[in-house]
Structures are given as C-alpha cells and as structure tokens.
C-alpha cells in the first residue's frame, strides 16, 4: 500500500520526535494528524490536526484511524491492545511495540535471534534481587521492565546489602537485573526497513551519555576494532526483519573487547539519529515517512566529512541566541515550554564539510 502525496499520516504521540516527523513529512507533500492526551503537544505546533485523547481510548483511536491514511508512533510506551484494532494501518506494527516496551521480553527476543546481551536475571521481588547478586555477581543494575528511559527506573547494586534498597528505589516493580558491561564505547545502528523488506542503514554514531541521558552523537564513530561494526549492522538488520518492522529502528550497542553487545531496541526514530537531518542525504525522519507511506528509501550517505549532535538539556536551551549566531550550527528547538533538569529541550548539529 503506497500513500500518495496529499495523504494524511497519523502520529501517535506529540513529543519532539513526532514534531520532527511532521516537519519531514511536509516537503514530501503529506499532512500530519497528531494523537496525544496533552493540552499542547509540541508536535501539534506543526501538524494539520490534533486529537486530544488518552492512548488507551479505543473509540478515539478508531475515529483517528478513520481520519488518516496510515498510522505510526513516536515512542514505545503505549498500550498495545487498543492499537491492534488499527491493523495494517499501523506501521510499525504492534509486535515491535510489545517486545521493545518490556525489557525481559526484549532480552529473550534478542537472545532468540542469536545476538548477545549482557547476562541478566528476571526480578519480581526483593528475593529475586538478592538471587540476582548470587547469579550474576557485582556490580549489577536493576532496570524496571517498563517505562524506563533516560536512566529512569534504574538502580545499581554494588554490594550484597544494597539489593533491598535498589528494589525500593525502582518502586518495587517487575525488573531485570543486568551484569555490568565492561565496555569501551557505546554506539547505535539506525536501520530503516520497508514493507517489502528493503533495508538501509546510516553511518554508525558513537554515543556519549551522562547520567543515563544522551549528550552527544558523533559520526564517523571512533570505535575500537573489537566493536565489529559490520557484525552489529547485520545484527540490527536481522532484528528488524525478525520483528517485521516497518520504518526506522535503533539498536543500541556496547562495544566490548569481545565484540558488540546489544543494550536495547528502540522501534522508532531515535535521539542518536538526530544528526541525520543535516548530516545525511536522507534524515531518519524522512526515511521513516518514506517507509510508512510506501515510498522508496533514500540514500544515507554523509553530507560532509563528519557530524556531531549535542542535546540541549534543561536550561542549556537558554544558549539559543549564541547558537543561532554560530556559523555552521544547526539549531532545533522543540517548543516544549518550561525547561526542567534532565528534559531534552532541543539539539544542535554541526557538520564539517
């Protein structure tokens, strides 16, 4: 099914990723209709229409689906059951959502494809957390199975007597315990896949995090040979195929001395791909639009010798005046209102020609 220009793309979620998807859809001739419960979602500023309703409101979703030609989503923490009623209109489908939004399910899926993850243990009670210490050793990190992002819902266990405190810190909710990874670098593979199974990947970015939040992505990535980037790209494409994924998907990796280890999957456009707006021939956002409407995928080569994207977090957004004045800096502000510590307010990309 190809949606011709002039059609309407429904986007579930009205955050900055939805905003950048809408901006990428417009030059291709598509309108965007955003579905979000918020009073003023920032994606709504650049959308043709906005439906305000809860994500689990089946009746509102049915009306929304009837008003658009195809539906996609900008984040994975959505109730799956109501979305199943969207059928083939939803791209990617619910399989990608169901797997990526539960860390235990995700790890079993990744292992089932033959890819490597850090040794882990399911945790459903404090006794499980204690058992994980015995099974995995120290240190380990507890991560809530659902709704964790940017370091939220995580707590480290560095000594045996910290298990109970860590369990309390994540709200005593179902979790996974992961063995600490002795990694040399972090990187991600961004893969786009069409309905027919065509895949394209971008240059692999190296990612620098602080406090669990992405600070910077750089291409070309300065990675050790042991990262085995070609193997990681093959793994990411294999995961996308196993999910029957349509659109862009990010797979985050740790580069270790023994090769790449999968950290997690994001079944959507991703923060580590923001550099592609100016730094690649086709941005991740345009590529996602192309995939979900049935257009051919675009070229993914670099537009310059290198590119670097820096997130603007919290009150760093107040640097906007100097960034606008900086030659070669490409500023993107998300229009999210009040800046808060840890909140991504925008990003800036610099491309070296």
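The values are calculated or read from the model by the stated rules, or taken from the named source; none is laboratory data. Owing to the predicted nature of the structure, the values given are computational and were not obtained by experimental measurement. Because the Cβ atoms are built from the backbone with ideal geometry, glycine has one as well, and the counts that use them run over all protein chains shown.
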(request) Could you tell me which of the residues 122, 160 is in contact with a helix residue (DSSP H, G or I) (Cβ under 6 Å, 6 or more places away or on another chain) and surrounded by 13 or more Cβ atoms within 10 Å (Cβ to Cβ)? (result) 122
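What number of residues within segment 329-353 satisfy the criterion of being within 20 Å of the chain's Cα centre (by Cα) and in contact (Cβ under 8 Å) with a residue 24 or more places away in the chain? Before you say what the answer is, go through the steps one by one.
Taking segment 329-353 and keeping what is within 20 Å of the chain's Cα centre (by Cα), we get 332-336, 342-349.
Those left that are additionally in contact (Cβ under 8 Å) with a residue 24 or more places away in the chain: 332, 334-336, 342-349.
Counting residues in segment 329-353 that are within 20 Å of the chain's Cα centre (by Cα) and in contact (Cβ under 8 Å) with a residue 24 or more places away in the chain gives 12.
Per-residue answers, yes or no, for (1) surrounded by 23 or more Cβ atoms within 10 Å (Cβ to Cβ); (2) over 13 Å from the mean Cα position of the chain (by Cα); (3) closer than 21 Å to residue 309 by Cα; (4) not assigned by TED's automatic domain parsing to the domain that holds residue 13:
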site: 232; (1), (2), (3), (4): yes, yes, no, yes
site: 237; (1), (2), (3), (4): no, yes, no, yes
site: 241; (1), (2), (3), (4): no, yes, no, yes
site: 246; (1), (2), (3), (4): yes, yes, no, yes
site: 256; (1), (2), (3), (4): no, yes, no, yes
site: 262; (1), (2), (3), (4): yes, yes, no, yes
site: 269; (1), (2), (3), (4): yes, no, yes, yes
site: 272; (1), (2), (3), (4): yes, no, yes, yes
(message) Take residue 120 and tell me if it is farther than 30 Å from residue 341 by Cα and within 17 Å of the chain's Cα centre (by Cα).
(response) no
(request) Return yes or no: is residue 215 within 24 Å of the chain's Cα centre (by Cα), part of a strand (DSSP E or B) and within 28 Å of residue 248 (Cα to Cα)? (result) yes
(message) Out of everything in segment 31-46 that is assigned to a loop (DSSP other than H, G, I, E, B) and under 21 Å from the mean Cα position of the chain (by Cα), what residue ends up being surrounded by the most Cβ atoms within 10 Å (Cβ to Cβ)?
(response) 41
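Looking at 85, 43, which one is at pLDDT 95 or above and outside the structural domain of residue 265 (by TED's automatic domain parsing)? Reasoning before the result, please.
Values: 85 fails: at pLDDT 95 or above.
Going through 85, 43 in turn, the sole match is 43.
Got a sec? Which of 48, 24, 62 is touching a residue at least 12 places away in the same chain (Cβ under 8 Å) and touching a strand residue (DSSP E or B) at 6+ places or on another chain (Cβ under 8 Å)?
None of the other options fit; the residue is 48.
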(message) If I ask for residues that are assigned to a loop (DSSP other than H, G, I, E, B) and more than 28 Å from residue 77 (Cβ to Cβ), which ones from segment 268-294 would you list?
(response) 281
(request) Inspect all residues belonging to segment 200-210 and state whether any of them is surrounded by fewer than 21 Cβ atoms within 10 Å (Cβ to Cβ) and either part of a helix (DSSP H, G or I) or not assigned by TED's automatic domain parsing to the domain that holds residue 295 (or both). (result) no
